[in-house]
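Worksheet for the structure shown next.
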Amino acid sequence: MKKTNSSLEIKQHHTQFAAMVGAYFFGVFNDNYFKQAAMLLAVTAGLSHLQGTATILFSLPFILFSAYGGWLADRYPKKAVVISTKILELFACVIGAIGLYFMNWNCILAMIFMMGVQATFLTPALNATIPEIYPENLITKANALLKLMTTLAILFGIASAGISLDQKWQESTVAFGLILTAAIVILVSVFGLTCSFFIPNSPRKNPTLPFPLKGPWQSLIDLYKLKSRPDLLTSLLSSTFFYSISTLVVLIINTLALKQFGLSQTVTSLLSVSLMLGICAGAFIAGKISSPTNWFHLLPLSASVMSVGLGALGLSALIPETIRLSFLFFMLIIIGTAGGILIIPVTTYIQVKPSHDEKGKIIGLVNFSDFIGIVFAGEFYLLLDHFLSPSHSMLVLALLAFLYAVITSKVIKGLRFIEHASKS
């Protein structure tokens, strides 16, 4: 694409990018808003095991179809792919809204799975459009803004879910909070679909690209080959650890707050928001104290802090009720901050370390591994929820974080030995 500095073209690019941000923002908001609402309803109805089921259903498409999503974005015009996926999202939201109105869990879970499918195919097409509308010197800023907006969408989505469900504006045969939540889901999807019509057109990049028949099997092969590159493998597994344990913390917090402590759905959602605000704070700190070549030591350190925080949450039932809520918020911010310090340098290294001809493959492999971890987290939550109380489940997570800290500490010593040996 020919680059120009004309103010008219730059203004047009900004408009197109704003449309992309809108399409992304509304989609991410809906993903988290509906999923959090469904999980809160499940716990309230005594069906907390459905939290794990919902997590698995949303994650499975990323494992099964990620290779196909990348192929579709390269094989066909990206705008057509985006619009098609946003139409699928609207269809899914209608099904989900019907599920909320009638409290039909089959429809609710069907929407969650379909939202995972559409996100799997939407993300490659949208992300790959950014280099096509901006010169290289602006791509980093564009990505940073997109990351900020999607993070805000996650926060708003999770926070709004409990607030919407708790609303009682008027009396009706169906709880008003359910009607409001269903209406918001559909309305937000319409906004996202509208934005998708204003993203830029782009020609097919590789119209003869063969269909990836091996799909997830090829990802497994590439994952096995990564054992010969211990630095990247450590980074990949650290990313998967972060997303797995973060998923478990959110699931258990919902059960801990609603079932064990009897807190409202609004407060429960805000607890998850405090975790993510901590992650944002940790990300900022990581940017100040780490670099692509000096960060491995942060892995065991941040995991150790997470372990202490999770252990404290596991003992929160012993905290006086008058200060318990403040204690929960504080500890979740601490855990999130430690998680942010862990994940940001990991992500940066994964982006910087691979050669240019394998960056896409490595990043795709990390996504594949991360969502396997999230699916495992959903299954593991079902096991914990069946046998343990929420506070005891938090103690199990504390132990897992401690084991990760011990293992990575030993791995880092090995990586340093390899580095010194190669230099000598």
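Any read-out appearing in this document is the output of simple, stated calculations on the displayed coordinates, not a laboratory observation. On a predicted model such as this, the values are computed, not experimentally measured, just so you know. With ideal geometry, Cβ positions are generated from the backbone for all residues, glycine too; neighbour counts draw on all protein chains shown.
Measuring nothing but how far apart in sequence close Cα pairs (under 8 Å, 6+ apart) lie, relative to its length, segment 216-424 scores a relative contact order of 36 percent. Convex hull volume of the C-alpha atoms in segment 216-424, normalised per residue: 124 Å³. If you run the Gaussian network model on the chain, springs between alpha carbon atoms under 10 Å, then out of 111, 103, 39 the most flexible one is 103.
When only C-alpha pairs under 8 Å and at least 6 residues apart count, what is the relative contact order of the chain, in percent?
Details: 623 pairs, mean separation 100.7, N = 424.
Normalised by residue count, the contact order of the chain is 24 percent.
Could you work out which residue, out of 187, 270, 213, moves most in a Gaussian network model of the chain, that is, has the largest mean-square fluctuation with Cα springs under 10 Å? Fluctuation is largest for 213.
Working note: 222 nm ellipticity from helices only, DSSP H runs with n ≥ 4, each -39,500 (n - 2.57), summed and divided by the residues of the chain, gives -28500 deg cm²/dmol to the nearest 500. With the highest mean first, a sort of the peptides 226-235, 78-87 on other beta-carbon atoms found within 10 angstrom per residue produces 78-87, 226-235. Within the chain, the longest segment free of exposed loop sites, counting chymotrypsin sites (Phe, Trp or Tyr not before Pro) that fall outside DSSP classes H, G, I, E and B and have at most 15 other Cβ atoms within 10 Å, spans 199-424. For the chain, taking Cα atoms only, Rg and Dmax work out to 21.8, 77 Å respectively. Normalised Debye scattering of segment 1-213 at q = 0.07, 0.11, 0.13, 0.19 Å⁻¹ gives log10 I(q)/I(0) of -0.24, -0.56, -0.75, -1.33, counting only Cα atoms as equal scatterers and leaving out solvent.
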